[in-house]
Ligand code: NOJ
């Protein structure tokens with residue numbers, strides 16, 4: 001495609017750095033990362049060259065889900081610091097020409113949020129803020145025959161009620177909890193301490209929009225919107241109808257009937273034109289994404305989709321299973337989004353975040369840790385879209401070697417694993433731990449590794465979650481000292497991205513689609529008449545073995561320049577040759 005000034009946006013040309021504050025840097029020695037800790041590291045972020053920080057939730061919260069259970073949207077969690085600390089962070093970022101994107105968690109609140117406390121008490125002003133329903137009564141006979149056990153819902157023996165429908169929580173178990181005080185059930189698609197707001201209630205929307213405006217007035221540059229395509233629930237809350245849904249009921253509550261109306265209203269009422277918004281969207285097709293994106297859609301800048309995060313689900317289905325991903329499927333998935341949104345939306349590029357295991361452990365090979373980390377980075381920085389860098393990725397950080405559940409903090413892991421255990425899914429403890437080591441979100445949440453010192457230089461106190469023992473080798477100090485490190489490679493890629501328009505805006509074309517080890521593609525920018533202006537070629541050997549590369553005719557021959565390579569390579573000729581394990585190259589074509 002060609003790029004006109006009209007289509008340029010600062011957030012398309014940016015690299016976003018994601019901070020999980022609890023695990024980034026602890027300034028006060030309580031073992032939990034905090035905002036002053038981030039401020040201490042602003043020069044670090046500046047040196048890396050990133051443009052935007054996405055800060056995971058720092059709002060007041062009881063932390064059942066580490067801040068994704070907000071009890072006050074306008075206050076900073078004590079453990080993280082004060083509003084003055086937050087203001088210093090914002091100023092420090094802006095002084096360095098970096099921007100700040102906050103996390104917006106409004107599908108649900110904490111059950112300790114004042115709105116819920118009042119709603120559960122039946123306060124007429126708040127009673128409709130959440131999704132409350134009567135339960136379904138259970139026939140005496142069903143109860144007698146043991147077909148219904150109130151204990152499954154933490155109800156007393158004599159209770160004769162089951163939840164209003166069969167929806168399940170992403171964290172395992174029913175998506176409903178009975179509340180004694182109100183005498184009704186409330187919906188929670190995540191933990192029971194995360195009740196879902198009722199977006200059909202006008203006052204809920206008005207409160208959320210006002211809160212967003214309040215943050216924009218404080219000077220933020222955008223929002224990352226947590227599970228935003230779950231906010232509209234269908235009338236009557238019908239049972240799930242799809243046995244293959246990611247959790248029971250998802251076919252009903254994902255992309256619900258009024259979701260576009262609400263997302264559009266949100267953008268019209270509460271988001272300044274120049275702000276960046278990125279919606280986290282489960283179960284989304286490319287066509288559905290287009291409806292959310294840009295001025296022709298609901299106004300959102302970009303979405304996070306999960307298609308590539310599902311390729312390693314196992315035959316049992318769902319996130320808590322494990323299968324093998326294949327390069328062909330990965331290429332096909334990413335290619336579908338690359339070509340599908342070209343000129344009609346914008347991609348966000350990620351292979352890990354605070355909810356996913358470390359990308360080197362999943363898509364790379366820890367035996368070729370550095371080289372494979374660099375290859376995956378080359379991929380992310382030469383696709384069309386905005387790259388998201390999750391803290392520690394720039395060091396090539398890996399999964400954690402969990403040896404017991406006592407090392408796990410994550411509610412999702414603990415609940416789902418307990419449920420699978422009850423269902424007899426694991427042959428042994430080791431079986432269970434193997435899945436945890438592969439899948440748990442805590443793999444990404446172990447502390448950032450700053451140095452080889454005790455606790456990786458993350459804290460002077462006792463860290464809230466164990467530090468990866470490999471911090472003696474993998475840490476910021478070591479990486480910055482070594483010019484061949486993953487860190488320096490990221491730095492170079494980020495510079496390149498800033499320098500090369502074609503890498504930001506160019507159209508993607510996949511070559512050798514059926515190759516099961518090589519991922520080869522071009523990026524092309526055309527001028528207004530459609531003639532090729534600039535073109536690059538990315539060649540990736542996604543394998544822990546040598547692979548023969550026979551370039552397709554369209555790209556064979558002399559290249560102008562070798563822009564990047566993760567091995568010592570200088571040749572500018574795109575010719576048949578044997579690529580080394582995890583070798584990555586990017587050429588500028590003539
Ligand atoms: C997605 C967030 O990224 C995750 O960490 C959280 O548990 C759920 N949404 C619920 O808010």
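Details
- Taken as a whole, the condition of being surrounded by fewer than 16 Cβ atoms within 10 Å (Cβ to Cβ), outside any helix (DSSP H, G or I) and at pLDDT 95 or above does not apply to residue 529.
- Taken over segment 236-252, the criterion of being in contact with a helix residue (DSSP H, G or I) (Cβ under 7 Å, 6 or more places away or on another chain) and over 20 Å from residue 136 (Cβ atoms) is satisfied by 242, 245.
- Any hit, segment 366-379, residues being assigned to a helix (DSSP H, G or I) and within 16 Å of the ligand (Cβ to nearest atom): no
- Here the helices (runs of 4 or more DSSP H) wholly within segment 441-503 that include at least 3 residues being within 16 Å of the ligand (Cβ to nearest atom) are 442-445.
- Residue list for segment 284-301, filter: at pLDDT below 95 and either in a helix (DSSP H, G or I) or surrounded by 19 or more Cβ atoms within 10 Å (Cβ to Cβ) (or both): none
- Some residue of segment 230-247 being crowded, with 16+ Cβ neighbours inside 10 Å and outside any loop (DSSP other than H, G, I, E, B): yes
- Some residue of segment 37-48 being in contact (Cβ under 8 Å) with a residue 60 or more places away in the chain and surrounded by 22 or more Cβ atoms within 10 Å (Cβ to Cβ): no
- Selection of segment 341-353 for residues being crowded, with 16+ Cβ neighbours inside 10 Å and out of contact with any strand residue (DSSP E or B) (no Cβ under 6 Å at 6 or more places or on another chain) yields 347, 351.
- Among the numbered conditions (1) within 17 Å of the chain's Cα centre (by Cα); (2) more than 16 Å from the ligand (Cβ to nearest atom); (3) surrounded by fewer than 23 Cβ atoms within 10 Å (Cβ to Cβ), the only one that residue 383 does not meet is (1).
- Residues that are surrounded by fewer than 18 Cβ atoms within 10 Å (Cβ to Cβ) and under 24 Å from the mean Cα position of the chain (by Cα) within segment 1-35 comprise 9, 10, 13, listed in sequence order.
- Residues of segment 183-228 that turn out to be in a loop (DSSP other than H, G, I, E, B), away from the ligand (no atom under 16 Å from the Cβ) and buried (at least 16 other Cβ atoms within 10 Å of the Cβ), as a count: 5
The values are calculated or read from the model by the stated rules, or taken from the named source; none is laboratory data. Model, not experiment: these values are computed from the prediction. Cβ atoms come from the backbone with ideal geometry, glycine included; neighbour counts cover every protein chain shown.
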